[in-house]
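These notes concern the structure reproduced below.
The values are calculated or read from the model by the stated rules, or taken from the named source; none is laboratory data. What you see is a predicted model, and the numbers here were worked out from it, not measured in a lab. Using ideal geometry, Cβ is built from the backbone for each residue, glycine included, and neighbour counts are taken over all protein chains shown.
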Amino acid sequence: MLIYDRNIVTEGGMGLEEELISKKELLEQYQISYGALYRWKRMGLIPEGWFLRRSAPTGQETYFRRAQICPRIELILQMFPGDEQLVLVFEDTGKRVAAHCCVHPALVEELRSLAGQGNVAVTEEKTR
């Protein structure tokens, strides 16, 4: 059984209930664009598995687990844009990609979990 008007979804006979937030509500609540949300998905900041497709009276809609997505969005908004220079160096190609962000410990841990503990290093900016 799906209950649309309270953002609570109960499926199957398991009695599992969780509070969901629709994509539209998420975008409005945090004043972010559709493009930003999907850019963060492509960047790996929001896992594909967090995008839950559900039947709705108007067709199929995307929902998220509120307890999972809201803290992540808040963290992303806190980190980007920031005033610290982040440079990613890809050892296999030598390519360097730079961005401004807040080098938050959660960002470093997320990078380490994605790339491997030994593949992420935080260093101070070199002066000439």
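Of the numbered criteria (1) among the charged types (D, E, K, R); (2) under 14 Å from the mean Cα position of the chain (by Cα); (3) modelled with pLDDT under 85, the one Arg42 fails is (3). Taking every residue in segment 17-35 that is closer than 20 Å to Pro81 by Cβ and pairing it with any residue that is surrounded by 15 or more Cβ atoms within 10 Å (Cβ to Cβ), at least 6 positions away or on another chain, the pairs with Cβ-Cβ distances below 6 Å are Tyr30/Ile73.
One residue alone among Glu74, Glu109 is under 26 Å from Glu25 (Cβ atoms) and either exposed (fewer than 15 other Cβ atoms within 10 Å of the Cβ) or modelled with pLDDT under 85 (or both), and that residue is Glu74. When you scan segment 82-98, do you find a residue that is within 12 Å of the chain's Cα centre (by Cα) and surrounded by 13 or more Cβ atoms within 10 Å (Cβ to Cβ), even just one? There is no residue in segment 82-98 that is within 12 Å of the chain's Cα centre (by Cα) and surrounded by 13 or more Cβ atoms within 10 Å (Cβ to Cβ). Does Gln31 count as at pLDDT 90 or above, loosely packed, with under 10 Cβ neighbours inside 10 Å, in contact with a strand residue (DSSP E or B) (Cβ under 6 Å, 6 or more places away or on another chain) and of a type outside the set (Ser, Thr, Tyr)? Against the criterion (at pLDDT 90 or above, loosely packed, with under 10 Cβ neighbours inside 10 Å, in contact with a strand residue (DSSP E or B) (Cβ under 6 Å, 6 or more places away or on another chain) and of a type outside the set (Ser, Thr, Tyr)), Gln31 does not qualify.
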